[in-house]
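Q: Just passing along the structure, written as structure tokens.
The values are calculated or read from the model by the stated rules, or taken from the named source; none is laboratory data. Predicted model, so just to flag it, every value in this text is computed and none were measured. When we count neighbours, we look across all protein chains shown, and the Cβ atoms used for this are built from the backbone with ideal geometry, even at glycine. The accessibility values were calculated without ligands, DNA or RNA, using every heavy atom of the protein model including side chains. Shrake-Rupley method; radii C 1.70, N 1.55, O 1.52, S 1.80 Å.
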Amino acid sequence: MTEPRNESSGPAGTSAGEATWERVHPLTPLARFWIAILVIVFVVGRNVVESAFEDGWDPEELGRGIPEFVRSLELVGWLIGIGVVLLVLGAMFWSWWFTRYAVTEGTVRVREGALFRKEKQARLDRVQAIEISQPLLARLLGLAELRFEVADSGESTLHLRFLTRRGAEDLRARLLRRKRQMQDDAAPSSAGEAAAGTRGPGAGGAGPGEARDPGDVPEGSVPPAPGGAGTAPASGPAPEPDAAAPAGPSAAAPSAAGSGQEETELARVGVGRAVAALVAGGYGIFLLLALAAVVVLNIVSLPGISLAVLAPALFGLVTGGWGTLNSTANFRAGITGEGLKVRYGLTSTRTQTIPLGRIQAVGIEQPLLWRPFGWFKLVINSAGLGASGADSARNVLLPVGTGQELMRILPYVVERPERGGVDGRQLRAALEGSGTEHGFTVSPGSARWVDPLTYRRNGYGATRDLLLVRSGRLRRRLAVMPHVKVQSMRLANGPLDRRLGLADLHLHSVGGPVSGLVRHLALADAQELARRQAERAAGARRVGEPQARADCPPAPPGEAEGPAAAEDHGPADAGGPPPVPPADSRRREA
Amino acid sequence: MPETENAPAARGEARKHLGEGSPAFERRLAALDAWDSRWVRPDAKYLTVIVINEIVSCVIWTAVLCVPLVLRLLEVWSWPWMWLAVALPVLSVAWTVLELVLAPRRARARGYSEREEDLLVRQGVMWHRITVVPYGRMQYVEVSSGPWDRLFGLAKVELHTASAATDVKIEGISQHDAARLREELAQRGEERLAAL
């Protein structure tokens with residue numbers, strides 16, 4: 001890359017040496033902003049018609065009517081109208097003029113914006129999938145959008161819109177070829193992982209698998225993929241990479257999850273336990289409070305008001321409870337060759353297969369009132385599941401389970417002790433213990449001013465491959481994160497922390513309910529952990545390969561390296577034709 | 001797009017970075033740093049850009065917040081109490097003044113440090129934080145610049161990993177540095193490509 005330096009052209013004086021910047025298709029603004037155009041046309045049109053009517057327009061006097069009402073309209077109004085239209089057209093042209101893209105060695109770059117310029121750049125080997133999508137109007141205009149899915153929680157996908165259909169297909173084919181080349185270059189490191197993938201292929205399958213398939217069609221225009229459907233989805237599972245999902249990417253082909261592999265059941269939650277867990281798990285307390293409020297208000301007076309105020313609250317409570325119940329009751333978890341298969345639902349059943357390799361972090365929770373029953377909840381952060389929140393049921397591996405059930409699932413998602421994982425005693429300490437036993441580091445005494453209940457419990461423990469983050473006194477929480485899955489970390493302290501000599505270390509994982517925040521460590525401890533994690537992050541990549549190779553045995557924790565890698569720079573692909581086609585591997589709901 | 005060779009301003013060499021703050025301030029920042037890193041602070045022009053941005057946004061906000069006052073004075077409206085109508089624009093100005101007073105400290109507290117295996121980015125005074133992003137984890141890099149940034153040859157670099165929490169922005173560095181950093185990060189990322 002040559003020394004980039006230019007103010008005027010590059011968004012940020014960033015020019016890619018030999019890159020040639022190209023514009024997107026001139027009809028792009030029309031396809032992007034057609035709604036706005038429609039609105040304008042509608043508003044203007046309506047005004048025209050309305051004012052025509054005001055002027056007593058009637059069909060027979062069509063010829064005379066229009067000039068009359070034109071005259072009758074104020075000139076200013078027209079000028080404003082025309083001004084707005086011009087402005088919009090200008091803005092559209094402007095946005096088109098300044099949108100350019102370039103493909104260089106291993107990257108795709110997109111520049112946007114005139115006043116506020118932006119240049120996004122994604123490395124091809126980081127791109128998990130390249131989709132072609134055609135929204136309605138674009139399709140009518142013969143245009144297509146290229147979307148580059150990066151493993152970044154989604155909101156910042158790179159879009160290239162719009163190109164001609166053909167151009168998009170060609171570019172996609174070119175990029176996929178290029179991507180494969182890059183991966184082949186990087187292959188040596190990944191051969192091991194490909195082999196390691198007893199379940200690997202399933203795991204890695206989704207992202208790169210899909211990307212690969214079309215890529216495998218060696219030359220030219222990858223026709224089928226984008227072929228029929230509007231969106232050639234990221235979801236296209238290998239076998240039918242292309243016909244897939246006219247519905248769109250995330251609506252992923254709702255084909256049945258099971259691909260004929262044996263399933264071993266690990267846990268099952270009946271309706272009874274689901275209800276009990278719901279009531280005991282904090283929800284019951286809300287319910288009691290609400291009922292008490294109703295009763296009190298009714299007794300004190302104001303029955304009308306109490307109803308008006310509480311009805312919506314109660315409604316929320318009921319629907320919330322129902323939602324939880326619906327995803328808890330009839331829950332079944334099992335293990336198949338493709339990953340953990342989870343089914344739940346009271347009224348309708350949803351099925352979901354979670355490739356083990358995609359799991360990034362594991363969280364175990366225990367609300368206070370679950371303790372007597374010995375129940376736990378098991379949640380995960382998983383690549384490809386998207387951020388938490390929206391549909392958090394999808395991040396649950398076990399909504400409420402006994403210790404036994406937990407221990408049955410856990411070995412599949414957490415590294416075992418002999419392989420750098422966590423042993424039973426340490427796990428127990430992590431779940432229930434407090435203080436520094438079993439290698440835990442907790443907040444210093446000064447933290448009691450900020451965490452009076454939890455300062456002996458907040459802390460972390462580390463094994464060779466895992467970091468255990470413990471927190472919560474009443475509602476106990478444990479986060480288990482493999483060192484190699486930590487994306488980045490943040491060391492922070494506020495004014496109060498400084499006074500008390502504390503600092504937080506937040507280990508960032510791929511989005512999901514599990515948080516790697518180690519709160520209120522002594523400053524020196526936090527720094528020490530940060531240093532160690534930085535070293536581990538650096539070391540993990542080098543050590544990574546042999547480790548991955550060791551992962552062949554069925555023990556799932558192999559996830560730590562193998563398939564994950566597959567997912568990212570697609571070693572599975574890179575390592576030559578993968579032994580197993582990344583079968584119907586994606587999680588999906590039925 | 002034409003590649004223009006231009007003003008020395010855009011080239012790296014001649015530019016100055018923000019200097020150190022008071023010793024106590026520096027000690028406080030250094031206290032959190034676990035690596036005793038050498039930090040590259042924002043460009044000296046960054047402060048100017050902040051000031052311009054603040055003033056521009058202050059003018060806009062104050063203008064908007066003056067609307068009730070004007071309507072009140074014209075007696076179009078009778079509702080907002082006079083003190084409230086006056087307080088709105090005054091608060092807006094006061095807020096800007098506060099921001100301007102804090103700006104130099106905040107700007108000085110920013111910085112990045114390129115290390116062997118990762119990039120450190122720090123920011124914040126009261127809530128100081130240091131983010132560590134291993135090169136191999138970077139998914140993509142985004143460089144952007146607003147109008148004032150460009151006037152002074154500055155840019156902002158944003159790093160994205162697979163975690164949405166990463167949220168790292170290196171603000172107020174010269175366009176030259178931004179471009180260099182971007183290429184550097186891309187290259188190091190390639191060398192150290194890490195599994196997800």
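Q: Within the set of pairs 6+ apart or on separate chains, which have a first residue in region A:470-493 that is closer than 13 Å to A:Ala361 by Cα and within 8 Å of another protein chain (Cβ to nearest Cβ), a second that is open to solvent by less than 10 Å² (accessible area, probe 1.4 Å) and part of a loop (DSSP other than H, G, I, E, B), and C-beta atoms under 7 Å apart?
A: Pairs that qualify, where the first residue is closer than 13 Å to A:Ala361 by Cα and within 8 Å of another protein chain (Cβ to nearest Cβ) and the partner is open to solvent by less than 10 Å² (accessible area, probe 1.4 Å) and part of a loop (DSSP other than H, G, I, E, B), are A:Gln487/B:Thr161; A:Gln487/B:Ala162; A:Gln487/B:Ser163; A:Gln487/B:Thr166.
Q: A follow-up question, please. Do we find that B:Ala103 is out of contact with any Lys or Arg (no Cβ under 6 Å at 6 or more places or on another chain) and of a type in the set (A, V, I, L, M) in this structure?
A: For B:Ala103, the condition - out of contact with any Lys or Arg (no Cβ under 6 Å at 6 or more places or on another chain) and of a type in the set (A, V, I, L, M) - is met.
Q: State the number of residues belonging to region A:494-514 that are at the interface with chain B (Cβ under 8 Å from one of its Cβ atoms) and touching a Lys or Arg at 6+ places or on another chain (Cβ under 8 Å).
A: Adding up the residues that qualify gives 5.
Q: In addition: Filter region A:115-132 down to residues that are open to solvent by less than 10 Å² (accessible area, probe 1.4 Å) and assigned to a strand (DSSP E or B) and give me whichever is farthest from B:Arg180 (Cα to Cα).
A: Here the residue is A:Ile132.
Q: Further question: For the structure I just gave you, tell me whether B:Val90 is closer than 27 Å to B:Leu69 by Cβ, without any contact (Cβ under 8 Å) to a residue 12 or more places away in the chain and away from chain A (no Cβ under 14 Å).
A: Taking the combined requirement at face value, the residue satisfies it.
Q: Confirm whether A:Gly374 is touching a helix residue (DSSP H, G or I) at 6+ places or on another chain (Cβ under 6 Å), on the phi > 0 side of the Ramachandran plot and either within 14 Å of chain B (Cβ to nearest Cβ) or not charged (D, E, K, R) (or both).
A: Yes: the conditions hold for A:Gly374.
Q: So B:Gly172 passes all but one of these: (1) open to solvent by 10 Å² or more (accessible area, probe 1.4 Å); (2) under 11 Å from the mean Cα position of the chain (by Cα); (3) over 21 Å from A:Ser488 (Cα atoms). Which condition number does it fail?
A: Just one mismatch for B:Gly172, condition (1).
Q: Could I ask something else about it? Does at least one position in region A:140-154 carry a residue that is modelled with pLDDT of 80 or more, in contact with a Ser or Thr (Cβ under 8 Å, 6 or more places away or on another chain), within 30 Å of A:Gln487 (Cβ to Cβ) and facing chain B (nearest Cβ under 10 Å)?
A: yes
Q: Quick one: in region B:95-143, which of the residues that are β-branched (Val, Ile, Thr) and out of contact with any strand residue (DSSP E or B) (no Cβ under 9 Å at 6 or more places or on another chain) is surrounded by the fewest Cβ atoms within 10 Å (Cβ to Cβ)?
A: Looking at residues that are β-branched (Val, Ile, Thr) and out of contact with any strand residue (DSSP E or B) (no Cβ under 9 Å at 6 or more places or on another chain), I get B:Val101.
Q: A further question on this structure: Given the condition more than 18 Å from the chain's Cα centre (by Cα), in a loop (DSSP other than H, G, I, E, B) and closer than 30 Å to B:Gln187 by Cα, answer yes or no: does some residue in region B:78-85 qualify?
A: no
Q: Go over the candidates A:Gly461, A:Gly445 one by one and state the one that is farther than 29 Å from A:Lys341 by Cβ and free of Cβ contacts under 8 Å to residues at least 12 places away in the same chain.
A: A:Gly445
Q: Given the conditions (1) modelled with pLDDT under 90; (2) surrounded by 17 or more Cβ atoms within 10 Å (Cβ to Cβ), report the number of the one that A:Trp322 does not fulfil.
A: A:Trp322 satisfies all of (1) modelled with pLDDT under 90; (2) surrounded by 17 or more Cβ atoms within 10 Å (Cβ to Cβ) except (2).
Q: Restricting attention to strands (runs of 3 or more DSSP E) lying wholly within region A:333-443, give those where 3 or more residues are within 27 Å of the chain's Cα centre (by Cα).
A: So the answer is A:339-344, A:350-354, A:359-366, A:375-382, A:396-402.
Q: Please go through region A:114-126 and pick out each residue that is touching a Leu at 6+ places or on another chain (Cβ under 9 Å) and either facing another protein chain (nearest Cβ under 9 Å) or within 24 Å of A:Ser95 (Cβ to Cβ) (or both).
A: Of everything in region A:114-126, those that are touching a Leu at 6+ places or on another chain (Cβ under 9 Å) and either facing another protein chain (nearest Cβ under 9 Å) or within 24 Å of A:Ser95 (Cβ to Cβ) (or both) turn out to be A:Lys120, A:Gln121, A:Ala122, A:Arg123, A:Asp125, A:Arg126.
Q: Of all residues being of a type in the set (Val, Ile, Thr) and at pLDDT 90 or above in region A:432-448, which is most open to solvent (accessible area, probe 1.4 Å)? Just the residue, please.
A: The selected residue is A:Thr441.
Q: Considering only region A:18-30, I want to know if a residue exists there that is modelled with pLDDT under 80, over 30 Å from the mean Cα position of the chain (by Cα), part of a loop (DSSP other than H, G, I, E, B) and polar (S, T, N, Q).
A: no
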